[in-house]
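> Quick one: structure below, then a few questions.
The values are calculated or read from the model by the stated rules, or taken from the named source; none is laboratory data. Values in this document were obtained by computation on a predicted structure and should not be read as measured data. As a convention, Cβ positions derive from the backbone with ideal geometry for all residues, glycine included, and neighbour counts pool all protein chains shown. The accessibility values were calculated without ligands, DNA or RNA, using every heavy atom of the protein model including side chains. Shrake-Rupley method; radii C 1.70, N 1.55, O 1.52, S 1.80 Å.
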Amino acid sequence: MSQYDTQVPEAEWFSLVMRCPACLSEQKEPGPAAQWFHASDDGFVQVGSSAQYRCTSCRCVEHVKSWRYACEAHQTDFRPTSSAHLANALSTAGQITSVAGRQWMQRFLENLGEW
Amino acid sequence: MSDIPNGGRRQAVPRQTVESPKQVTLQFLDDTWERLLNSLERLEQVSEGYRNLTATRLDQHPDRDRITESELDVRWEVHLQIKSLERIVKPVIEDAQWMIDDFLRWFGGRARRPLAVTDEYAVPVLHCIMDHPYELPDLDEVVPTETDILDAAEALGRGLHESDKIEERFLADSRLEATRHLHTRARSRSSGLVRLSELNRMLAVHLAYVIDHPQPAKEEPR
């Protein structure tokens, strides 16, 4: 469910600048880290310490669990991500991220509640 | 608010897909189980210098050949792997009982070793795969920087796409069945039960009873 950024005032937000995760998952050259945009309105995407994404154009805030990434090299799709699907992704990501990243991931797993 | 909460680099339009079958969740279960045991084997190496590897199938750690992470780093991964497994076990708990047997045969590989930090996780892991409440030890926290969060977001995005590919394999072939990889380090589960009894006697007695009185398996809906 979406919400607007006024409802998460405690979050710290950073511009989402990273390589293409879809290319990385396919062992393709991901190119340099670059700013990501919201597919529906081309707004700049930010990532929060609360494990949410925020669009600077429409101001919508979403949990990271349902997001996928489409760079110039390919198309992707929107997935109704299940709890198990997200958990498998976190388990995979946990091997290649820093200790602080692992903490961030664990915190938002806990914040998901009974979802 | 958008119906398609996706990121893009302009002109790349997402499309929606169908829900996944149970076999996908069972594959996530086998894979996450592998990564959890892998993290415990890494913990054995950094905390005890003990190397008895059975769970390297999915190891993508950049330092897999020569571990450079600290004990705290590895323990945070163990916690994340247990929390992740908890989410996957819940909807398929009736199909997860084989992991109890596998864990006891893995844990039996620690027989005759002095009790160490890895042993602290035996009870939480077993309770997790039995879908029982469990507690993890407290760990010192690290304040994430912007770089940490961006790296983690990239890694998570990659993990989501890798999970999508697993799902697509099963959607493309309805006959495909999830794997069950075993991690045997002891000839029988009894050495694992004996070691477990040093940590939690009641749980060891309970598991010995459950193993001797298995529940009939139910047919798996596909």
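> Can you tell me how many residues within segment B:98-121 are closer than 19 Å to B:V210 by Cβ and surrounded by fewer than 16 Cβ atoms within 10 Å (Cβ to Cβ)?
Of the residues in segment B:98-121, the ones closer than 19 Å to B:V210 by Cβ are B:98-108.
So of that shortlist, the ones also surrounded by fewer than 16 Cβ atoms within 10 Å (Cβ to Cβ) come out as B:98.
Adding up the residues that qualify gives 1.
> Further, regarding this structure: Would you point out which residue out of B:T184, B:T179, B:T147 is open to solvent by 80 Å² or more (accessible area, probe 1.4 Å) and more than 7 Å from every other protein chain (Cβ to nearest Cβ)? Don't jump to the end; show me each part of the working.
Details: B:T184 fails: open to solvent by 80 Å² or more (accessible area, probe 1.4 Å); B:T179 fails: open to solvent by 80 Å² or more (accessible area, probe 1.4 Å).
Step by step, each of B:T184, B:T179, B:T147 is checked, and only B:T147 is open to solvent by 80 Å² or more (accessible area, probe 1.4 Å) and more than 7 Å from every other protein chain (Cβ to nearest Cβ).
> List every residue pair whose Cβ atoms sit under 7 Å apart, with the two residues 6 or more apart in sequence or on different chains, where the first one lies in segment A:31-49 and is assigned to a loop (DSSP other than H, G, I, E, B) and the second, anywhere, is of a type in the set (V, I, T).
If the second residue must be of a type in the set (V, I, T), the pairs left are A:A33/A:V17; A:W36/A:V45; A:A39/B:I4; A:A39/B:V13; A:S40/B:I4; A:G43/A:T56; A:S49/B:I149.
> Let me ask another. State the number of residues belonging to segment B:33-64 that are facing another protein chain (nearest Cβ under 9 Å) and hydroxyl-bearing (S, T, Y).
1
> Please state which one of B:E48, B:E77 is acidic (D, E), modelled with pLDDT of 95 or more and surrounded by 19 or more Cβ atoms within 10 Å (Cβ to Cβ).
Numbers: B:E48 fails: surrounded by 19 or more Cβ atoms within 10 Å (Cβ to Cβ).
Within the list B:E48, B:E77, the selection yields B:E77.
> Give the residue that is surrounded by the most Cβ atoms within 10 Å (Cβ to Cβ), with candidates limited to residues of segment A:92-103 that are small (G, A, S) and over 16 Å from B:R64 (Cα atoms).
Applying the first criterion (small (G, A, S)) to segment A:92-103 yields A:93-94, A:98, A:100-101.
Restricting the remaining residues to those that are over 16 Å from B:R64 (Cα atoms) gives A:100-101.
Working: A:A100: 20, A:G101: 27.
Per the stated criteria, the residue is A:G101.
> Which ones in segment B:93-111 are of a type in the set (A, V, I, L, M) and either under 15 Å from B:R195 (Cβ atoms) or outside any helix (DSSP H, G or I) (or both)?
Narrowing segment B:93-111 to residues of a type in the set (A, V, I, L, M): B:93, B:96, B:99-100, B:104, B:111.
Once the filter is applied, which keeps residues that are of a type in the set (A, V, I, L, M) and either under 15 Å from B:R195 (Cβ atoms) or outside any helix (DSSP H, G or I) (or both), segment B:93-111 yields B:A96, B:I100, B:L104, B:A111.
> If a residue must be farther than 14 Å from B:E154 by Cα and open to solvent by less than 30 Å² (accessible area, probe 1.4 Å), how many such residues does segment A:51-62 contain? Spell out how you get there, then give the answer.
As a first pass, look at segment A:51-62 and keep what is farther than 14 Å from B:E154 by Cα: A:54-62.
Retained after the next criterion (residues that are open to solvent by less than 30 Å² (accessible area, probe 1.4 Å)): A:55, A:60-62.
Total satisfying the criteria: 4.
> Before we move on, is B:S84 within 24 Å of B:E141 (Cβ to Cβ), buried (at least 24 other Cβ atoms within 10 Å of the Cβ) and modelled with pLDDT of 95 or more? Spell out how you get there, then give the answer.
Details: within 24 Å of B:E141 (Cβ to Cβ): yes; buried (at least 24 other Cβ atoms within 10 Å of the Cβ): yes; modelled with pLDDT of 95 or more: yes.
Against the criterion (within 24 Å of B:E141 (Cβ to Cβ), buried (at least 24 other Cβ atoms within 10 Å of the Cβ) and modelled with pLDDT of 95 or more), B:S84 qualifies.
> Here is a check on your reading of the model: is B:D30 more than 9 Å from chain A (Cβ to nearest Cβ) and under 22 Å from A:L86 (Cβ atoms)?
Working: more than 9 Å from chain A (Cβ to nearest Cβ): yes; under 22 Å from A:L86 (Cβ atoms): yes.
Yes, satisfied.
> Give me a count of the residues in segment B:142-166 that are in contact with a helix residue (DSSP H, G or I) (Cβ under 6 Å, 6 or more places away or on another chain) and not in a helix (DSSP H, G or I).
Result for segment B:142-166: 2.
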